[in-house]
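First comes the structure, then the notes that go with it.
Readers should treat all values here as calculations from the given coordinates under stated rules, not as data from a laboratory. Keep in mind the model is a prediction, meaning the values are calculated, not measured. Neighbour counts are summed over all protein chains in view; Cβ atoms, including those assigned to glycine, are modelled from backbone coordinates with ideal geometry.
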């Protein structure tokens, strides 16, 4: 889609994403809801009051809009991709840039409910991958939602989470399970649908010791970035997790995972390794990533896509793969060590706060209600499909 000089020229679409009703100027990889603001109506919006009225009609919970086209930057990143997380008073900015001078800025305002995209990439849709992943994750964290860095798949109405550090086989195992008949549910972000810690936007900044510098490797996002965390304003960002923080609101007694979008990010050669045919990978952006990763439309996989909230059935925490193993090595963790292990997989801790009372409550809440398995996969990717069948037979469908 070509660039517009003003947001009022955009058409707005409605979607459900991570349990939220989203009004978006971008076409997202999701089924569109019936409501739609026609372009001829949108183009008549010329004042801030009228624009505000347009954005608040039909009562969506989150807005995503197109901002300005940025000039190409001369401040090129020394790595293929770089990312900055910037805190400026009551707004939060995620800024991606690369060696070619391309920049995307995501501005998150209104307590995490409003996202504006400024960029200079070839087409607006180059922003979509970041929007449905790290930006929505950051916005939901500001709103007080709780989420894990994990892939969710559904079998018999129950969600099973796959999580692990980079290289442990999370994406490979998730695609293999989907090829074996599990329904894809959410890629990379598992939002706890029925657990809300309340508004965190008043001061959600990173830990004071992490205001500048490079974020840990494995940070959620489209590419392994060099991420600088900055802040501006009269006071540095500080942790908000204190003994007086709002108590969590829990609906029901069992964690429920919200649906994401029908895509899984993979390297195309994985399909050959897993013996998956008849599926065409989709380019994530008009500018190819250095890793060559692409999207799979999960509706094309054997299990399809599950589009409703699902109660959590179990969690598989992947450890570093083993060259000595012929089959997955699986060990169930007791609730306390399981909670500690989960605490390092809270989504967004590299941007916001290290695990504090809220996140520790979340991990304890989950570990006390669902089994958490520590899994070591064989190093040979040719055994991933067999490993998926082993988990299905002994831990998912047993």
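Miscellaneous remarks
- A protection proxy built from the mean count of other Cβ atoms within 10 Å ranks the segments 292-305, 59-72, most packed first, as 292-305, 59-72.
- The residue 166 and residue 59 beta-carbon pair, evaluated with R₀ = 30 Å, returns a calculated FRET efficiency of approximately 0.15.
- Put a dot 7 Å past the Cα of residue 336, heading toward its Cβ, do the same for residue 90, and the two dots end up 4.5 nm apart.
- Mean Cβ neighbour count within 10 Å, used as a protection proxy, ranking 256-268, 97-109 highest first: 256-268, 97-109
- In this rough spin-label picture, where each label sits 7 Å from Cα along the Cβ direction, the residue 283-residue 253 distance is 5.3 nm.
- For the range 132-191 and the range 93-110, distance of Cα centres in Å: 24
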